[in-house]
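*Asks:* Take a look at the following structure, please.
What follows draws every value from the coordinates through simple rules; no lab data is involved. Just so it is clear, the model here is predicted, and its values are computed rather than measured. Because the Cβ atoms are built from the backbone with ideal geometry, glycine has one as well, and the counts that use them run over all protein chains shown.
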Amino acid sequence: MQLGTAFAVTQECDADPAFKQVLAAARPEDLVEFVSVAGLPARAVRTPWLDKYLRVEPKLKAVAHVKERCNMAFDCLARCGLRDGEAAMGQFCIDQQLGHAMAGDQRKGLFFRGAGRLPFGDRILSVQELMQWLLGGIRPAALAMEAAA
């Protein structure tokens, strides 16, 4: 079980509030499945950066070559190490895009997100309330009041 997104949208998470809102507000139709820059299956919220990556991604191996510095982090494949020690698999970092996401920049960020519904919908509640929900389905006071209304 993976719970990263549920914890990422808590009040205690130190990411920008816009980061949390992008993850919490994402609907199923906003999520895109693709092959990540590390060559692994991934899912993220559609953003302008992700749209651009998806247009360029099929061509990456054909255009990857050494540059003096990164540009858009699309063709670092030849520069940043090997995935699982195999040169043919390649790997390049996405730190820039993850940093933009954490800062709440929806234009440049890469917002990884699970497919499942978040425990509290689009709400951003506390870790305590998340833990209560996880450890027995105890409904936080905020949700219990909503259900009663």
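*Asks:* Given the Cα-Cα distance of Leu98 and Val35 and 0.36 nm per residue of separation, how much length would full extension add, in nm? Numbers along the way, then the final one.
*Replies:* Working: separation 63, 0.36 × 63 = 22.68 nm, distance 1.60 nm.
Extending this stretch completely gives an extra 21.1 nm.
*Asks:* Also, I was wondering about something else. May I ask for the net charge around Ala26, where only other residues with Cβ less than 12 Å from the Cβ of Ala26 are counted and Lys, Arg are +1 while Asp, Glu are -1?
*Replies:* Within the 12 Å Cβ shell, the charges total +3.
*Asks:* Let me ask something else about it. How long is the gain from Gln21 to Leu54 if the chain were fully straight, where each residue apart is worth 0.36 nm and the alpha carbon distance is subtracted? Kindly include the intermediate steps, with their values, before the conclusion.
*Replies:* Details: separation 33, 0.36 × 33 = 11.88 nm, distance 2.30 nm.
Length gained between Gln21 and Leu54: 9.6 nm.
*Asks:* Taking neighbour counts of Cβ atoms within 10 Å as a proxy for exposure, in what order, fewest first, do Lys52, Lys108 appear? Could you put the intermediate results ahead of the total?
*Replies:* Values: Lys52 13, Lys108 16.
Lowest to highest Cβ neighbour count: Lys52, Lys108.
*Asks:* Okay, moving on. Give me the extension gain from Leu134 to Arg107: residue separation times 0.36 nm, minus the current Cα-Cα distance, reported in nm with one decimal.
*Replies:* On the way: separation 27, 0.36 × 27 = 9.72 nm, distance 3.28 nm.
Full extension from Leu134 to Arg107 adds 6.4 nm.
*Asks:* So for Thr10, Thr47, fewest C-beta neighbours within 10 Å to most, what's the order?
*Replies:* By the 10 Å Cβ count, ascending: Thr10, Thr47.
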